[in-house]
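The values are calculated or read from the model by the stated rules, or taken from the named source; none is laboratory data. For clarity, every value in this text was computed on a predicted model and none was experimentally measured. Reconstructed Cβ throughout: ideal geometry from the backbone, glycine too, with neighbour counts over all protein chains shown. Surface areas here come from the heavy atoms of the whole protein model, side chains and all, with no ligands, DNA or RNA. Shrake-Rupley method; radii C 1.70, N 1.55, O 1.52, S 1.80 Å.
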Amino acid sequence: MSATQAPAASSGAPDKGLKGGALGLASSIVIGISATAPAYTVAASVGYIVLAVGAPAPAMLLLAFVPMMCVAVAFAQLNRIDPDCGTTFTWAARTFGPRTGWLGGWVMTAASVVAMAYLAGIAGSYLLLLFGAEGLAASQTWVTVVGVGLISLMTLVCWRGIEISAWVQRVLLVVELIMLAIFTVVALVKVATGHAPAGHATPSLSWFNPFGVGSFGTLAAGLLVAIFVYWGWDSAVSVNEETEAPDRNPGRAAVISMALLIGIFVLATVAAQAYAGIGADGIGLGNEDTAADLLAVVGAAVLGSAWGKLLILAVLSSAIAALQTGILPTARTVLSMATARAVPAAFGRMNRRFQTPSVATAVIGGATILLFLGLSLLGSGKAAADAIASIGLLIAFYYALVGYTCVWQFRSVLTRSLNDLLLKGILPLFGAVTLTAVFVKSVWDMRSPDYGVTSIGGVGGVLLIGGGTIVLGVLVMLGYSLARPVFFRAKLAFATTGNESPANTGPLTETEPAAPAVADAAS
């Protein structure tokens with residue numbers, strides 16, 4: 001076995017059978033950026049930030065970047081002492097106890113599955129549009145059939161191996177970034193040269209002033225959408241056991257991904273807002289029809305119909321890439337939970353040939369298909385809209401949990417140096433507290449039946465889905481802890497790489513040994 005394919009156990013994490021050293025730093029960065037689906041996010045989310053806060057939309061992206069980067073720092077610090085693919089689940093379980101860790105793993109997994117179920121519909125529709133089948137793209141049945149096919153294909157790619165997955169990600173990311181760059185440059189040039197349509201706006205420093213938003217409620221609503229814009233970079237950390245220098249490169253990839261993403265999103269937002277303006281008429285970003293698919297409306301006006309297919313290809317590539325990078329880390333979270341006996345050990349079955357979690361990958365793909373079918377059967381799209389809106393709550397929950405985990409885990413070394421105080425204490429705590437405040441304020445606002453497009457019993461559907469997912473996780477955890485109490489009775493501690501000295505170091509100890517990864521008979 002070559003040095004670049006050393007078993008993952010060499011990183012300090014229990015050997016799960018993953019292909020250690022298969023990814024370099026560049027591949028990890030690609031996965032981190034691809035998981036955020038830049039082109040799709042610009043198309044489907046930026047307009048809603050404008051609807052929420054108006055002209056200061058770029059300020060929301062800058063403001064949301066701060067706590068997200070702080071949490072990325074927390075991920076990097078925890079990964080240095082414990083590069084385990086379970087990330088949130090593993091670290092929270094070893095710091096705050098098995099139940100907290102289990103719930104963190106559940107929320108992280110649920111957020112990914114809901115997002116992928118929604119993205120499958122986008123990808124199915126755009127694939128049909130790419131081939132000129134506008135009629136079929138308007139048919140929920142055909143979109144569902146194509147979407148299920150794409151989920152199945154991406155599940156197969158993820159099962160086939162981490163290296164082919166990374167190669168597919170590079171190709172898809174290049175396509176969408178090239179088109180975003182072309183859109184941004186052409187839009188800004190047309191504004192500067194006086195070729196923008198009526199209603200366009202001149203870029204202003206006021207766009208970057210968060211105090212121009214108004215009330216804290218408006219600020220929280222804008223931040224919740226902006227947080228969703230950045231979500232996904234932690235996928236780079238979830239493949240840590242398959243990355244070279246697993247205790248360093250994944251954390252670096254997460255931080256670098258965040259730094260690149262802020263440039264991509266802010267530039268694209270400024271370009272779209274300048275060209276289209278924020279009015280509620282025509283292609284203005286204050287028009288809900290524009291907000292629903294910004295690139296299709298504004299992009300077509302900027303580049304012309306001749307570039308329409310390429311814009312469709314960019315969003316399609318982005319959605320497919322996010323599908324794949326949703327399955328990759330989520331399957332590894334489930335694998336880590338299976339190894340620790342937090343879920344049935346069968347979920348830890350590995351494919352011996354490809355060194356991938358075969359059962360966990362299939363389960364995540366299957367769960368996504370089932371949820372996608374369920375949302376499709378509802379037909380109206382209202383439940384799907386509220387489901388995707390609820391993801392912001394789940395993201396804020398588990399990212400904040402990682403921030404608190406970092407601070408508490410390193411509490412005994414925070415006074416060792418200014419660097420430790422900043423990177424292990426102040427920044428993670430600021431990120432966690434900010435996300436907690438956004439979570440609490442959003443829950444309060446979401447209880448209104450007018451929040452979102454559905455409501456039951458006088459409570460908004462977004463809160464019912466987001467909050468209900470967390471409550472369901474608690475119930476499932478309690479039921480499983482009664483049926484299979486081994487993990488929940490465990491005494492867990494960090495299995496460190498020797499690079500750091502956290503507050504609770506030492507080998508992983510349990511009342512019973514962790515379940516080993518099971519090799520798939522298929523080769």
*Per-residue HN-Hα couplings for segment 114-124, Karplus 6.51 cos²θ - 1.76 cosθ + 1.60 at θ = phi - 60°, whole Hz, x for Gly and Pro?*
4, 4, 5, 4, 6, 5, 4, x, 4, 5, x
*Counting only protein heavy atoms and using a 1.4 Å probe, what share of the accessible area of segment 356-490 belongs to carbon plus sulfur, as a whole percent?*
74
*If segment 285-325 were replaced by its equivalent ellipsoid, with semi-axes equal to the square roots of 5 times the Cα gyration tensor eigenvalues, what would those be, largest first, whole Å?*
20, 15, 5
*Counting DSSP beta bridges with both partners in the chain, what percentage is antiparallel, nearest 5?*
45
*For helix 308-339, report the angle its Cα long axis makes with the longest principal axis of the Cα atoms of the chain; keep it between 0 and 90° and round to the nearest 10°.*
20
_Accessible area (Å², per residue) of segment 103-177, counting only protein heavy atoms and a probe of 1.4 Å_ = 39
_If I compute solvent accessible area with a 1.4 Å probe over the protein chains, what percent of it on segment 99-138 is carbon and sulfur?_
70
*According to the Kirkwood expression over distinct Cα-Cα pairs, how big is the hydrodynamic radius of segment 401-452, in Å?*
12.3
*Would you work out if segment 63-115 is rounded, prolate or oblate? Take a ≥ b ≥ c from the square roots of the eigenvalues of the alpha-carbon gyration tensor; rounded if a/c is under 1.5, else prolate when a/b is larger than b/c, oblate otherwise.*
oblate
*What is the set of long-range amide H partners of residue 356 at a cut-off below 5 Å, with H atoms built 1.01 Å from backbone N?*
351
_Just the number please: accessible area per residue for segment 30-100, 1.4 Å probe, all protein chains included, in Å²._
16
_Cα-based Lys proximity count in the chain, under 26 Å, for pairs eight or more positions apart or on separate chains_ = 4
*asked:* Please report the spacing between the Cα centers of segment 349-371 and segment 12-85 in Å, no decimals.
replied: 23
*So how far apart, in nm, are the two label points at residue 174 and residue 280 if each is 7 Å from Cα heading toward Cβ?*
4.5
*Just how large is the dipole of the chain about the Cα centre, in debye to the nearest 20, putting +1 at every Lys and Arg Cβ and -1 at every Asp and Glu Cβ?*
900
*Could you list which residues have their amide H under 5 Å from that of residue 243, counting only those 5 or more apart in sequence or on another chain, with H placed in the peptide plane?*
21, 22, 23
_Portion, in percent, of the accessible area of segment 27-70 that falls on carbon or sulfur, probe 1.4 Å_ = 75
*asked:* Please report the accessible area of residue 15 (heavy atoms, 1.4 Å probe, ligands and nucleic acids excluded) in Å², nearest 10.
replied: 80
*Give me D for segment 20-63 in µm² s⁻¹, whole number, from Stokes-Einstein with Rh from the Kirkwood sum over alpha-carbon pairs, 37 °C and 0.692 mPa s.*
266
*asked:* Counting only Cα atoms, I'd like the Rg/Rh figure for segment 215-349, Kirkwood definition for Rh.
replied: 1.08
*Would you calculate the volume per residue, in Å³, of the smallest convex hull containing every Cα atom of segment 54-186?*
194
*Against the globular-protein guess of 2.2 N^0.38 Å, express the Cα radius of gyration of the chain as a ratio, rounded to two decimals.*
0.93
*Would you mind checking the tilt of helix 382-409 against the longest principal axis of the Cα atoms of the chain, expressed as 0 to 90 degrees and rounded to 10?*
50
_Could you tell me which residue out of 55, 112, 126 lies farthest along the dipole of segment 19-165 toward its positive end? Charges go on the beta carbon: Lys and Arg +1, Asp and Glu -1, centred on the Cα centre._
112
*What whole-number value in Å² describes the accessible area per residue of segment 205-277 for a 1.4 Å probe?*
29
*For residue 455, distant residues with modelled amide H under 5 Å away*: 461
*For segment 269-403, what mean projected area does the convex hull of the alpha carbons give, in nm²?*
12.0
*Taking the Cα centre of segment 123-251 as the origin, how large is its charge dipole in debye, to the nearest 20, when only Lys and Arg (+1) and Asp and Glu (-1) carry charge on their Cβ atoms?*
420
*State the answer as a single residue: which of 183, 246, 232 lies farthest towards the positive end of the charge dipole of the chain, with beta carbon charges of +1 for Lys and Arg and -1 for Asp and Glu, about the Cα centre.*
246
*asked:* If you build the convex hull over the alpha carbons only and average its shadow over all orientations, what do you get for segment 347-486? Give it in nm² to one decimal.
replied: 12.7
*Cα gyration tensor, segment 80-152 - rounded (a/c under 1.5), prolate or oblate*: prolate
*asked:* Can you bin every Cα-Cα distance in segment 116-175 into 5 Å intervals starting at zero and give me the percent of pairs per bin, rounded to whole numbers?
replied: 4, 19, 22, 22, 18, 11, 4, 0
*Once the Cα atoms of helix 358-378 and of the chain are each reduced to a long axis, what angle between those two axes, in degrees from 0 to 90 to the nearest 10, is obtained?*
40
